[in-house]
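A short worksheet on the structure shown next.
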Amino acid sequence: MSHGRPINPDTTIVRYSGDILHRELDVDLCVVGAGISGVTTALEAARLGKKVAIVDSLPVLGGQAVNSLIGTFCGLYRNGTHGHRFTFGIADGMLDYLEKHDACYYRHGPMTTVVHYNEIQLSRWVESAIEAAGVIPVTGAILRTVETGDRRIRSVGLVTRYGDVTIRAEGFADCSGDAALTYLAGFECREPDEKVYGSQQAVIEGINIDATLPQREELSQRIADKAEAYGLMRRNGLVFYFPGKEVAVLNMTHVETPLDPIEASKTAAIGRDQVDRGIRLLRDEYPEAFGNISVRAYGFPGIRQTRWIKAKHHIVVDEVVGQVRYPDAIARTAWPIELHNAPEGFVWETFDENHVHYVPLSAMISPEADNLVAVGRCIDGDPAALSSVRVMGPCMAQGMAAANALDLAGSGSVHQIDIAALQDRLSDNLTRTDGVAP
């Protein structure tokens, strides 16, 4: 008697023993990390005519912006209820796409303008934009080796479930979030002296849109009063609503993000348990609005800060507060100091309407490397300073700067490029004062 699927006698199965498929790529720019920083870097480089490969350990593009369900673009706009936009270029096409697909909502707060977005549509923009630009994606790829020589990264070795990949490039962008490329290359990196907590996001559905929904201050106070009873580590939190829709993004959690392979693997379960506890609190405390809510999707563990490069310049919080305009400034923002350095709460220090602080190129380049630029949360600064410049608005501006800096450097050094020429290319992200959100 046979069991299971019948055998097709015409099928030939060939098995290879110890023979691993190995692909090789030669490109102008290799971008490691396919979150919003990496995607912007890759798209800008492609716009400049470069052949680009973008690498990510996840099997899909989009990084945390898509897969951790962050749900909000922060730092794109000047302070005030209707401040002008700070970052243009690649962001223009992204916002236009989201608006056309009814996939974003501009929330004008008392001090900040943020953009809530639908993560499904953002993922489709990422994928379609990368494909249209001719960028080569290498997903599900773990960075395993980095070849260096004469102050340059020569190639990276990647491991995938389908075989190995070697990418050789003239320039490299570390958009990994954890400075993985810089670290494996053997260049100096930093780690925080104190813990910086991440967040487990979730998309919830079943909100009663006809009910009165609790707003930020009321909800934060109720969570603070009830968090201990429900076993929540964080004593405050937010629900990001989409007007007229029964879905929202839930952000009520704090989760450690250790740089240890075993401990880091535990964070997803801890974070999801925290989400479930938050759901119970909302159902009990606001039954009319939230009595029927459930989780539509849990995001991947959200990481704020783990490891970053030791760069030519280390941004300190006094420079952020003092609005230092660096001679090599390449991006701007006014986002508050948002330091999540305690399990129960976080520092939230806002600035006035006229405040602008900047990101220098020198905080993105290692003194040990000529063809490497870091982007996003792995640029150099103290934890408080980084908390105000690693949000997605200035990260997109940094990505454009990285692509242009490496283009200007060519086979030379990012330490010797014409900064005035770079800033001229990036002038919209440094000087424009239009683009007020609707």
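The values are calculated or read from the model by the stated rules, or taken from the named source; none is laboratory data. Remember, predicted model here, so these are calculated numbers, not experimental data. Counting neighbours? That spans all protein chains shown, and the Cβs are built from the backbone with ideal geometry, glycine included. We work out accessible area using only protein heavy atoms, side chains counted, and drop any ligands, DNA or RNA first. Shrake-Rupley method; radii C 1.70, N 1.55, O 1.52, S 1.80 Å.
Name, by its number, the condition in (1) open to solvent by less than 20 Å² (accessible area, probe 1.4 Å); (2) farther than 21 Å from residue 45 by Cβ; (3) not acidic (Asp, Glu) that does not hold for residue 431. Only one criterion is unmet by residue 431, namely (1). Here residue 80 clears all of (1) assigned to a loop (DSSP other than H, G, I, E, B); (2) at pLDDT 95 or above except the condition numbered (2).
If I filter the stretch 58-70 for residues that are of a type outside the set (A, V, I, L, M), surrounded by fewer than 16 Cβ atoms within 10 Å (Cβ to Cβ) and closer than 22 Å to residue 302 by Cβ, do I get at least one hit? For the stretch 58-70, residues of a type outside the set (A, V, I, L, M), surrounded by fewer than 16 Cβ atoms within 10 Å (Cβ to Cβ) and closer than 22 Å to residue 302 by Cβ: present.
Among residues of the stretch 32-54 being in contact with a Cys (Cβ under 7 Å, 6 or more places away or on another chain) and of a type outside the set (S, T, N, Q), the one that is surrounded by the fewest Cβ atoms within 10 Å (Cβ to Cβ) is 53.
Within the stretch 250-278, restricting attention to residues that are β-branched (Val, Ile, Thr) and crowded, with 19+ Cβ neighbours inside 10 Å, the residue that is farthest from residue 191 (Cα to Cα) is 275. Just one of the listed residues (387, 362, 413, 366) is within 27 Å of residue 238 (Cα to Cα) and modelled with pLDDT of 95 or more, and it is 387. Note on the stretch 75-88: residues that are surrounded by fewer than 21 Cβ atoms within 10 Å (Cβ to Cβ) and within 17 Å of residue 395 (Cβ to Cβ) amount to 1. Residues of the stretch 157-196 being open to solvent by less than 20 Å² (accessible area, probe 1.4 Å) and part of a helix (DSSP H, G or I), which ones? 181, 182, listed by residue number.
Condition test on residue 320, is it exposed (fewer than 15 other Cβ atoms within 10 Å of the Cβ) and touching a helix residue (DSSP H, G or I) at 6+ places or on another chain (Cβ under 8 Å)? Against the criterion (exposed (fewer than 15 other Cβ atoms within 10 Å of the Cβ) and touching a helix residue (DSSP H, G or I) at 6+ places or on another chain (Cβ under 8 Å)), residue 320 does not qualify. Selection over the stretch 229-238 of residues that are more than 14 Å from residue 285 (Cα to Cα), of a type outside the set (S, T, N, Q) and open to solvent by 10 Å² or more (accessible area, probe 1.4 Å) gives a count of 4. The set of residues in the stretch 93-117 that are outside any strand (DSSP E or B) and either over 26 Å from residue 336 (Cβ atoms) or open to solvent by less than 50 Å² (accessible area, probe 1.4 Å) (or both) comprises 93, 94, 95, 96, 97, 98, 100, 101, 102, 103, 109, 112. Residues in the stretch 210-230 that are under 30 Å from the mean Cα position of the chain (by Cα) and of a type in the set (Val, Ile, Thr): 223 alone. Taken over the stretch 118-142, the criterion of being part of a strand (DSSP E or B) and either open to solvent by less than 30 Å² (accessible area, probe 1.4 Å) or touching a His at 6+ places or on another chain (Cβ under 8 Å) (or both) is satisfied by 138 alone.
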